Amino acid sequence: MTQLPAAQTVQHSPSDGSRTLYGGKGTRRITVRDIALAKERGEKWPMLTAYDAMTASVFDEAGIPVLLVGDSAGNCHLGYESTVPVTLDEMTMLSAAVVRGTQRALIVGDLPFGSYQEGPVQALRSATRLVKEAGVGAVKLEGGERSHEQIRLLVESGIPVMAHIGLTPQSVNAMGYRVQGRGEEAAQQLLRDAKSVQDAGAFAVVLELVPAELAAEVTRVLHIPTVGIGAGPETDAQVLVWTDMLGLTPGRVPKFVKKYADLRAVMGDAARAYAEDVVGGTFPLEEHSVH
């Protein structure tokens, strides 16, 4: 694999002398500048998806610095088989809910399939809706070199952009769900994509389902943070879909997912206990009644 020049690391202290992305005590919103400073400090940080105000508030209180209102809501909450059917109206509604439920996290709203592929002007129109109507602090869109001009116009217009390369779920009909960047030619294309989105002005880039060695090289050569999902441990940040991470997703989950809880079992047990109380006449009791 051809080696590109490594990005130069600049040592920089947090602007308030102690601020870190994860678990910081500041009350203002995280910004893309904070993300850039974390890269300079070599500080890793977590990102989770969120699709509603209540869940987002839990993650915000836990100190998660960046929440992605992903079009994965199509699979997780809207009952679609893929992210493709998700609309901009749906993303705007979900993003607004997450913004209302948080105080500190940077909220990144996904641009869904069909809302930016026509070109930069359509991308700007769609992103403007997420910023003005939902209040997100940044948007995310898929594609490397093919999305260069969309990213460039959004950034020039004052809208921060998180890019997404590697496996891009909106293109599942063309590429399928498989590892991206294997082999010399594919690896070189992914490197070109990474450089392209950086040159266009993206403040960070998601690397999905990419060999760990390739993700490590991309992280080394880029000045902007990389966010891994199924891309090994060497990226600057990690993201997981929250329903996967907390064990709510039924059936098999991707290999790269680590389950930190089994909410599906907890919720099922609670629902059955409630039903049995109602059927057995032990709920509600006197203490649950008003007179």
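Bear in mind these aren't lab numbers, they're just calculated from the coordinates by the rules spelled out. Predicted model, so just to flag it, every value in this text is computed and none were measured. Neighbour counts are summed over all protein chains in view; Cβ atoms, including those assigned to glycine, are modelled from backbone coordinates with ideal geometry.
Per-structure values
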| item | result |
| --- | --- |
| Qualifying residue in the stretch 268-291 (condition: within 26 Å of the chain's Cα centre (by Cα) and either farther than 24 Å from Lys140 by Cα or not in a helix (DSSP H, G or I) (or both)) | no |
| Residue list for the stretch 73-104, filter: small (Gly, Ala, Ser) and assigned to a loop (DSSP other than H, G, I, E, B) | Gly79, Ser82, Gly101 |
| Tally of residues being out of contact with any strand residue (DSSP E or B) (no Cβ under 9 Å at 6 or more places or on another chain) and in contact (Cβ under 8 Å) with a residue 12 or more places away in the chain across the stretch 153-166 | 3 |
| Filtered residues of the stretch 40-61 (kept if in a helix (DSSP H, G or I) and surrounded by fewer than 24 Cβ atoms within 10 Å (Cβ to Cβ)) | Glu40, Arg41, Ala53, Met54, Thr55, Ser57, Val58, Phe59, Asp60, Glu61 |
| Single residue of Ile107, Ile64 found to be part of a loop (DSSP other than H, G, I, E, B), crowded, with 20+ Cβ neighbours inside 10 Å and not polar (S, T, N, Q) | Ile64 |
| Qualifying position, being more than 19 Å from Ala138 (Cβ to Cβ) and aromatic (Phe, Trp, Tyr), among Phe203, Phe256 | Phe256 |
